[in-house]
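Here is the structure we will look at.
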Amino acid sequence: MRQLRKRLGDLLVEAGLITIDQLQSTLKEKKPEQKIGEALLERGYITELQLIEVLEVQLGIPHISLYQYPFDKRLFSLIPKETARRNLIVPLKKEGNKLFVAMVNPMDFFVIDDLRLSTGFEIEPAIATRDDVLKTITKYYNTDDDFSDLFTEIPIGSNTPEEDEANVDSPVVRLVNQVLSNAILQRASDIHIDPHETKIVIRYRIDGVLRVERTLPRTMHSVLTARIKILANMNITEHRVPQDGRIKMNLEFHPIDLRVSTLPTVYGEKIVMRLLDMGATLNDIDKLGFNALNLKRFKELIQKPTGIVLITGPTGSGKSSTLYAALNKLNTEEVNIITIEDPVEYQLEGINQIQVNPNVGMTFAAGLRSILRQDPNIIMVGEIRDKETAETAVRASLTGHLVLSTLHTNDSIRTITRLMDMGIEPFLLASSLSGIVAQRLVRKVCRDCKEVHEPSKREIEIFARRGMKIEKVTRGKGCSSCNMTGYKGRLALHELLVINDEIRQVIMNGESHQQLRNLAAKNKTVFLIDDGLLKVKQGVTTTEEVLRVAILE
């Protein structure tokens, strides 16, 4: 009798991974050609590992983790790199006339047949995650790349960019492409190329934490720097002053956009490349991690016709993403939105964006004055850095414009003090400011290896100090999906201070920081530390992560 196999959606519901409502809504909204598993992954209802475990039951094909798998490197010659990358397959081991292969899609019988014909082996498939397969291909197929030619190669600056572009087999071109493709694969936000006395260290910032990716001999520094400068349209003969540039290229059909910065150090030029995720521009405000109260208040603030809304936090705290999400929500045909930024990170359709250029006198303040003559409704200033910009922003908000901007401060209340230190009169500040959002990013616990634990004595004390109770905490034990860190992805913590009449009065009277804090607490402001601890209670991050970015007062 033929065994009846259940549908994948029903199996996921039975396993308690998704609800019937989530399944029904996904079935309605997904594209006709899209598989249900892919659609659920896209919406973040399940992780790839959870999907694979259910497929393992449904198909009867074993699941394998490729992290620290003892690969036989000789087998990689059986499957060319292009075939492996195109079909997302990796050879595992050979037993007699059987070749065991890890596949992302073990139901692709055409690929299995092609492999059988090209290798002469019977193919035994196993399921592996897409990330695992791509990391393995990048790691094992690139180990044979010999960059020794770089020691003797003529400096790349002697060629034109077009010649270098055409010469894709040049060792330095392969090396730079490898560094970039590895960074994209590991979802790095920044690439650091640090020159030392005897070596070059390449580090990736993944989920906010820097990690050494590889070290190269010191002799490679000049050609590596020259190649990156050519891609970023910088002056390759200038080594003594910092430079900024931008790289836009397609790497293996993947469009990438990088912001490049060089800085002269004692051992040569340090290069930092910021990878701009073009998907982040389409951020939905509802998906930024605001709690219900803060989300309601933030939407009310940006819907006001006038006033200043500030987003504060250190570099790399996701301020730009929040600003762009707000602009995205406000972007309609009825309003004229103009931004002035340094640099313009994401190009948004329907919004007029200006790039700061101090060399020709286009500063934030000068640009902002010109914007006011362009009949804007909403103005976004990339950053308030000086008194002149702050004064112009205040004036713009008082003359009927909504102004969105960022500032580097520790929390929402200190932002008021910082603006007064810049020389803004308290009465102007009180009448123009609508609200301040302080933001930080923390790492999320990996969904594939999370475990529930009893809270430590110290954690119970920390929660008690903030008037909360904690019964269980969630931590990741480490798996191949998260590079054994226990964390994968990031989410934002927010502190949103709404400026009401009482706070305006306190600002005008120039009263103390503590007085402002007491009024904020009375107004039900959720402070950064409290928002973080609430997210620990929800099991999405850890106490250590929250204390790394927020001060316990």
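Structure notes:
- Less than 5 angstrom separates the built amide H of residue 331 from none of the residues sequence-distant by 5 or more or on a different chain.
- The chain, relative contact order [Cα under 8 Å, separation at least 6], %: 9
- Per-peptide average of other Cβ atoms within 10 Å, ordering 326-339, 44-57 highest first: 44-57, 326-339
- Karplus (6.51, -1.76, 1.60) ³J(HN,Hα), θ = phi - 60°, over the stretch 207-219, in Hz, Gly and Pro reported as x: 6, x, 10, 7, 9, 6, 8, 6, 10, 10, x, 4, 5
- Ordering of 76-89, 387-400, 346-359 by packing [mean C-beta count within 10 Å, highest first]: 387-400, 76-89, 346-359
- Carbon + sulfur, % of accessible area of the chain - ligands and nucleic acids excluded, 1.4 Å: 51
- Count Lys and Arg as plus one, Asp and Glu as minus one, and take only other residues whose Cβ is under 15 Å from that of residue 350; the net charge is then -2.
- In this label model, residue 239 and residue 218 are separated by 1.3 nm, measuring between points 7 Å along each Cα→Cβ vector.
- Amide H within-cut-off set for residue 354, under 5 Å, with H built and near neighbours excluded: 339, 340, 341
- Using the Karplus relation 6.51 cos²θ - 1.76 cosθ + 1.60 with θ = phi - 60°, the per-residue 3J(HN,Hα) values for the stretch 392-408 come to 5, 5, 5, 4, 4, 5, 6, 9, x, 10, 8, 10, 10, 7, 10, 8, 8 Hz, with x marking Gly and Pro.
- C-alpha long axis of helix 292-303 to longest principal axis of the chain, angle in °: 60
- Per-residue HN-Hα couplings for the stretch 179-186 [Karplus 6.51, -1.76, 1.60; θ = phi - 60°; Hz; x = Gly/Pro]: 4, 5, 5, 5, 5, 5, 4, 8
- Evaluated on the chain, the Kirkwood hydrodynamic radius is 26.8 Å, with distances taken between all distinct Cα atoms.
- Counting only DSSP H runs of at least 4 residues, each contributing -39500 (n - 2.57), and dividing by the residue count of the chain, the helix-based mean residue ellipticity at 222 nm comes to -11000 deg cm²/dmol.
- Gain on full stretching of the segment that runs from residue 357 to residue 553 - 0.36 nm per residue minus C-alpha separation: 66.5 nm
- Solvent exposure of the chain as accessible area per residue, Å², 1.4 Å probe: 50
- In straight-distance terms, cross-link reach from residue 98 covers every one of the lysines whose alpha-carbon lies under 21 Å from its own, apart from those fewer than eight places away in the same chain; here that gives 73, 81.
The values are calculated or read from the model by the stated rules, or taken from the named source; none is laboratory data. Predicted model only: the values in this text are computed from it and were never measured. All Cβ positions, glycine included, derive from the backbone under ideal geometry; neighbour counts span all protein chains shown. The area values use the complete protein model at the heavy-atom level, side chains included, leaving out ligands, DNA and RNA. Shrake-Rupley method; radii C 1.70, N 1.55, O 1.52, S 1.80 Å.
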